[in-house]
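Just below is one structure, and these are the notes that go with it.
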Amino acid sequence: MIFLFTSLLVGLLSTPEPGPVFKADMLPAKAVRPAAFIPNGWMLEKQLNSDLNGDNRPDPVLMLVERPSPTAPEARRERALVVLLAEANGQFRRVAASGAALYCTGCFASDRTAAGMPELSITKGVLAVRHVSGVDQTLDLTQRYRFESETGRVRLIGESLMLSSRLKLDTTYKRTDYLTGQQQTEHITADPADKSGAKQLVTRKDGKVPTAPRYLEDVKVGDLML
């Protein structure tokens with residue numbers, strides 16, 4: 001199983017190159033406009049507005065990207081994710097900010113999302129971040145986050161990962177609940193005894209993972225723990 005994951009990822013992720021480091025201290029703790037949380041040299045790529053903490057006020061989630069270089073507009077650019085809460089006084093408070101939770105432009109060998117960027121969505125207060133990449137080999141990763149009122153931070157609560165080869169029937173699904181520690185793995189391959197390739201072999205395994213809290217700033221999407 002580890003060999004499968006490793007061989008798939010080699011073709012999907014390009015070798016990281018050094019670039020500007022995004023740091024939370026580049027941003028204010030509070031501001032009256034979401035635009036104030038976009039630092040110099042960066043631009044807004046996407047914004048969602050939805051209630052994250054149950055107070056019926058829309059909270060902005062910002063996906064930022066480095067501004068393109070005038071001399072190398074196609075060069076790789078880093079991305080950052082910023083989560084804000086709308087306060088009763090009209091201000092916005094930063095509760096999470098990370099430059100490692102999103103893949104950069106060009107980090108995937110082939111970005112297959114509809115918009116050519118990570119997909120963000122919010123459902124019932126849960127922020128989902130999805131990456132899809134690959135042609136012959138496909139990676140589909142969704143990580144789910146929720147604001148934790150006890151700590152005032154944004155916690156990783158779940159993850160769904162699919163790795164699949166289009167050259168042959170060989171697909172692995174891994175679903176992890178970081179709140180309960182439950183992890184389910186399903187591996188689907190062609191039955192070698194069936195020369196037609198129509199029959200499938202399915203193996204399933206239940207496991208446990210640590211439940212120690214991991215927050216948005218702890219997630220390094222380029223270092224998938226497989």
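Condition first: under 19 Å from the mean Cα position of the chain (by Cα), modelled with pLDDT of 90 or more, among the small types (Gly, Ala, Ser) and not in a loop (DSSP other than H, G, I, E, B). Can you find one or more residues in region 47-57 that meet it?
yes
Please indicate, with yes or no, whether at least one residue in region 182-192 is in a loop (DSSP other than H, G, I, E, B) and either under 26 Å from LYS23 (Cβ atoms) or touching a residue at least 24 places away in the same chain (Cβ under 8 Å) (or both). Spell out how you get there, then give the answer.
Taking region 182-192 and keeping what is in a loop (DSSP other than H, G, I, E, B), we get 191-192.
Narrowing further to those that are either under 26 Å from LYS23 (Cβ atoms) or touching a residue at least 24 places away in the same chain (Cβ under 8 Å) (or both): none.
Scanning region 182-192, I find no residue that is in a loop (DSSP other than H, G, I, E, B) and either under 26 Å from LYS23 (Cβ atoms) or touching a residue at least 24 places away in the same chain (Cβ under 8 Å) (or both), so the answer is no.
Somewhere in region 97-109, is a residue modelled with pLDDT of 95 or more and either in a strand (DSSP E or B) or farther than 21 Å from LEU64 by Cα (or both)?
Yes: one or more hits.
May I ask you to list pairs of residues, at least six apart or on different chains, whose Cβ atoms are under 6 Å apart, with the first in region 87-101 being over 20 Å from LYS220 (Cα atoms) and the second being in a loop (DSSP other than H, G, I, E, B) and of a type outside the set (Lys, Arg)?
Short answer, once both residue conditions are applied: GLN91/VAL32; ARG93/GLU87.
Name the single residue that is farthest from the chain's Cα centre (by Cα) among those in region 125-152 being in a loop (DSSP other than H, G, I, E, B) and either without any contact (Cβ under 8 Å) to a residue 60 or more places away in the chain or surrounded by fewer than 17 Cβ atoms within 10 Å (Cβ to Cβ) (or both).
Residues of region 125-152 in a loop (DSSP other than H, G, I, E, B): 125, 134-136, 149-152.
The next check asks that each one be either without any contact (Cβ under 8 Å) to a residue 60 or more places away in the chain or surrounded by fewer than 17 Cβ atoms within 10 Å (Cβ to Cβ) (or both); those that pass are 125, 135-136, 149-152.
On the way: GLY125: 16, VAL135: 19, ASP136: 21, SER149: 22, GLU150: 23, THR151: 21, GLY152: 20 Å.
Here the residue is GLU150.
How many residues does region 74-90 contain that are buried (at least 16 other Cβ atoms within 10 Å of the Cβ) and not in a strand (DSSP E or B)?
Count: 1.
Of ASP194, ASP223, ASP170, ASP206, which residue is farther than 19 Å from LEU48 by Cα, acidic (Asp, Glu) and surrounded by 14 or more Cβ atoms within 10 Å (Cβ to Cβ)?
Of ASP194, ASP223, ASP170, ASP206, the one residue that is farther than 19 Å from LEU48 by Cα, acidic (Asp, Glu) and surrounded by 14 or more Cβ atoms within 10 Å (Cβ to Cβ) is ASP170.
Please tell me if THR211 is free of Cβ contacts under 8 Å to residues at least 40 places away in the same chain and exposed (fewer than 15 other Cβ atoms within 10 Å of the Cβ). Give the steps one after another, and end with the answer.
On the way: free of Cβ contacts under 8 Å to residues at least 40 places away in the same chain: yes; exposed (fewer than 15 other Cβ atoms within 10 Å of the Cβ): yes.
Yes.
Among the residues of region 161-176, is any in contact with a Gly (Cβ under 9 Å, 6 or more places away or on another chain), within 30 Å of LEU85 (Cα to Cα) and in a strand (DSSP E or B)?
Taking every residue of region 161-176 in turn, at least one turns out to be in contact with a Gly (Cβ under 9 Å, 6 or more places away or on another chain), within 30 Å of LEU85 (Cα to Cα) and in a strand (DSSP E or B).
Out of (1) surrounded by 14 or more Cβ atoms within 10 Å (Cβ to Cβ); (2) within 21 Å of the chain's Cα centre (by Cα); (3) at pLDDT 95 or above, what's the single condition that is false for MET43?
Every listed condition holds for MET43 apart from (1).
Which ones in region 139-164 are among the polar types (S, T, N, Q) and within 22 Å of GLU119 (Cα to Cα)?
Once the filter is applied, which keeps residues that are among the polar types (S, T, N, Q) and within 22 Å of GLU119 (Cα to Cα), region 139-164 yields THR142, GLN143, SER160, SER164.
Look at region 130-157 and say how many of its residues are under 23 Å from SER50 (Cα atoms) and not charged (D, E, K, R).
At the first step, the residues of region 130-157 found to be under 23 Å from SER50 (Cα atoms) are 130-131, 141-157.
So of that shortlist, the ones also not charged (D, E, K, R) come out as 131, 141-143, 145, 147, 149, 151-152, 154, 156-157.
Residues flagged as under 23 Å from SER50 (Cα atoms) and not charged (D, E, K, R) within region 130-157 amount to 12.
The values are calculated or read from the model by the stated rules, or taken from the named source; none is laboratory data. Small disclaimer: the values here were computed from a predicted structure and weren't measured. Counting neighbours? That spans all protein chains shown, and the Cβs are built from the backbone with ideal geometry, glycine included.
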